[in-house]
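Quick notes on the structure that follows.
The values are calculated or read from the model by the stated rules, or taken from the named source; none is laboratory data. Only a predicted model underlies this, so the values are computations on that prediction, with no experimental measurement involved. Glycine also receives a Cβ, built like all others from the backbone with ideal geometry; neighbour counts cover every protein chain displayed. Note: areas computed on protein heavy atoms with side chains; ligands, DNA, RNA excluded. Shrake-Rupley method; radii C 1.70, N 1.55, O 1.52, S 1.80 Å.
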Amino acid sequence: AHTGSLALIGRPLNGVTVFGRAGNSLRLPALIETFFFRVFNQGTFAFVFYPNANIKPERGVNVDTGIKVNKKYLRAGLTYYNNTYTNFIEQSAPVFQAGGPGSVTERINHELNTNFGFAFWMQRRNTGRARTQGLEGEFEVPISLGDVGSLNFSSNMSWQHGRDLTPTYAQRCALDRQAQYN
């Protein structure tokens, strides 16, 4: 797979930089997400991650633009980003299962020598297309204290919005079948 990005950077004023970048990305599913059954025991409950061998690689088109200011008494930046993904790898909503005699939860307890009472079954799977977009900003104001050093006031903020652009799934994953059996 080929990935990369192209950026344009300009300096219209002294200490001010504007930029724009467009690129593409690829995320291969991890072996753990694809083939391995994992249990994370949290005392009275556990998270059970069920493998999904049908998961596909995630491709993305990534665009971001922004401005940065670097002056003697102010450093600040503001960035807008928009990422659109195909075969977005998401985590399914947890399916709740109580433990009891002969239940899957009880069998896992026996295998792992644990004793949790409730299991939340989860799985990674693909959704057709998804988009995340947001705004990130930060600033820093340094105040010199002479020979003692400096005092810096700073802050940052972030706003993000995600959306499933094709809310119907292309495949019926094993977790959905497990939920029906329960």
Check: Sorted by accessible area (1.4 Å probe), largest first, how do D164, D147 line up?
Finding: D147, D164
Note to self: Need the full-extension length gain, L151 to F19, defined as separation in residues times 0.36 nm minus the C-alpha distance. One decimal, nm.
What the structure shows: 44.6 nm
Checklist line | DSSP-assigned coil residues among trypsin sites (Lys or Arg not before Pro) in region 3-94, each with at most 15 further Cβ atoms within 10 Å | finding: K72
Check: Any idea how far apart L78 and I32 come out in nm if each label point goes 7 Å out from Cα toward Cβ?
Finding: 3.9 nm
Item checked: Estimated distance in nm for a label pair at H2 and R129, the labels positioned 7 Å out from Cα along Cα-to-Cβ -> 2.3 nm
Next item on the list: Just subtract the alpha-carbon distance of Q160 and F47 from 0.36 nm times their residue separation and send over the number in nm, one decimal.
Entry: 38.0 nm
Notebook entry, point to check: Please state the Cα pair-distance histogram of region 24-79 with 10 angstrom bins from zero: what percent is in each bin?
Noted result: 18, 23, 19, 19, 18, 4
Check: When the accessible area of region 1-57 is computed with all protein chains present and a 1.4 Å probe, what percentage of it is carbon and sulfur?
Finding: 63 percent
Notebook entry, point to check: Can you give the accessible area per residue of region 5-70, in Å², using a 1.4 Å probe?
Noted result: 64 Å²
